[in-house]
Amino acid sequence: MTKPPLFYIDSSFAVPRLTEGLKAAYDLRPEPGPGIRAVATHGSSGIDAATMAKLPDLEIIAVSAVGVDKVDLAEAKRRGIHVTNTPDVLTDDVADLAIGLMIALYRNIPRDDALVRSGRWASAGMPKLSRRLTGQRIGILGLGRIGQAIAKRAAPFAGEIAYHSRRPVADVPWRYAESAVALAASVDILIVATPGGPATDKLVDAAVIDALGPNGSLINIARGSVVDEDALVAALVEGRLGGAGLDVFAHEPHVPEALLSLPNVVLLPHQGSATVETRDAMAQLVLDNLAAFFAGKPLLTPL
């Protein structure tokens, strides 16, 4: 039986389960072209309108990510192309990492780990005291699946939890703030958990950062585009923001040079969903969506 052709946009986020599954079921093409009905891609790669134009027979784009901000959704909609993503399977891991970044930042875990590893503990003595996380007021920007999972994890130790989304979320116990600025002004820690894309580009701007203030901290596990990175760096360097825990950046894998030497930041290379279990589950969902499409069955997770 002839395998259907598929254009696969590979990336460093790929796992063997996805690559091997695609190779087993499809005729992987190295370049876009006529006759290809399906594309598999990753959230960090997406697919733009120019590439879609080289795929005149394209009918489905299967994205291995929740975020689809790198996919030209307007062009896909115009052409009637199905788009699927991988929601739910990565919610827990991303929420766990948000909590981990808060703990690492407040308790200075990277700094103190580096001190011990350097062999300077005996000569340097005890490091400066860290800060207590329990009792801090936590704000969540974007109360979708991941935002709610973060809130539930933070509830046992947070002094208060508040959130801002496009509209109030029904049946949640947390306080709603009318704007991102109002939320930032009322909390100690602001966690960014909103989707990326044009609607949220630089949503966390200088005004939001200044509202957090010199005792506030920013955690970003969403998309680098949601935060005005220049404003963030300036606030950290000038002491107008207390600290930041960042898993995502505006121009990955490039990180602003000024951040690398700051003691009040924790930096990760986009690891939110990077567990064996979650990446395998994401891969399987991509494969299942593609299999459903070619079998003429309903898609599992269409946008």
Quick one: how many residues across region 27-37 are surrounded by 13 or more Cβ atoms within 10 Å (Cβ to Cβ), under 29 Å from the mean Cα position of the chain (by Cα) and either in a loop (DSSP other than H, G, I, E, B) or of a type in the set (Lys, Arg) (or both)?
3
Please specify each residue of region 187-213 satisfying the condition of being in a helix (DSSP H, G or I) and surrounded by fewer than 24 Cβ atoms within 10 Å (Cβ to Cβ).
PRO198, ALA199, THR200, ALA206, ALA207, ASP210, ALA211
The condition from (1) under 26 Å from ILE221 (Cβ atoms); (2) loosely packed, with under 13 Cβ neighbours inside 10 Å; (3) in contact with a Lys or Arg (Cβ under 7 Å, 6 or more places away or on another chain) that ASP113 misses is numbered (3)
Positions within region 245-273 being of a type in the set (Gly, Ala, Ser) and closer than 23 Å to TYR106 by Cα, in sequence order:
GLY245, ALA258, SER261, GLY272, SER273
Say whether the condition of being out of contact with any Leu (no Cβ under 8 Å at 6 or more places or on another chain), touching a residue at least 40 places away in the same chain (Cβ under 8 Å) and of a type outside the set (D, E, K, R) is met by at least one residue in region 114-137.
yes
For region 269-287, name all the residues that are in contact with a helix residue (DSSP H, G or I) (Cβ under 7 Å, 6 or more places away or on another chain), more than 14 Å from GLY43 (Cα to Cα) and among the aliphatic types (A, V, I, L, M).
LEU287
Starting from region 222-242, take each residue that is closer than 28 Å to ALA149 by Cα and list its partners that are hydroxyl-bearing (Ser, Thr, Tyr) and in a helix (DSSP H, G or I), counting only C-beta distances under 6 angstrom and pairs at least six apart or across chains.
VAL226/THR200
So which of ALA184, ALA149 is touching a residue at least 40 places away in the same chain (Cβ under 8 Å), within 20 Å of HIS270 (Cβ to Cβ) and in a helix (DSSP H, G or I)?
ALA149
Which condition number does GLU252 fail, the rest of (1) touching a His at 6+ places or on another chain (Cβ under 8 Å); (2) modelled with pLDDT of 95 or more being met?
(2)
May I ask you to verify whether LEU290 is closer than 23 Å to ASP69 by Cβ, surrounded by 18 or more Cβ atoms within 10 Å (Cβ to Cβ), touching a helix residue (DSSP H, G or I) at 6+ places or on another chain (Cβ under 8 Å) and at pLDDT 95 or above?
yes
I'm told ALA158 meets every condition in (1) part of a loop (DSSP other than H, G, I, E, B); (2) under 18 Å from the mean Cα position of the chain (by Cα) except one. Can you identify the failing condition by its number?
(2)
Every residue in region 152-172 that is without any contact (Cβ under 8 Å) to a residue 12 or more places away in the chain and touching a strand residue (DSSP E or B) at 6+ places or on another chain (Cβ under 8 Å), please.
ALA155, PRO168
Which of (1) surrounded by fewer than 16 Cβ atoms within 10 Å (Cβ to Cβ); (2) more than 17 Å from the chain's Cα centre (by Cα); (3) within 21 Å of PRO87 (Cβ to Cβ) is the odd one out, the single condition TYR163 does not satisfy?
(1)
For residues that are touching a residue at least 60 places away in the same chain (Cβ under 8 Å) and surrounded by fewer than 22 Cβ atoms within 10 Å (Cβ to Cβ), scanning just region 38-66, find the one that is farthest from ALA222 (Cα to Cα).
GLU59
Residues that are more than 20 Å from the chain's Cα centre (by Cα) and among the basic types (Lys, Arg), at least 2 per element: which helices (runs of 4 or more DSSP H) completely within region 214-303 meet that?
none
Picking from LEU236, LEU303, the residue that is in the same structural domain as LEU212 (by TED's automatic domain parsing) and surrounded by 15 or more Cβ atoms within 10 Å (Cβ to Cβ) would be LEU236
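The values are calculated or read from the model by the stated rules, or taken from the named source; none is laboratory data. Please read these numbers as outputs of a predicted model, since none were measured by experiment. With ideal geometry, Cβ positions are generated from the backbone for all residues, glycine too; neighbour counts draw on all protein chains shown.
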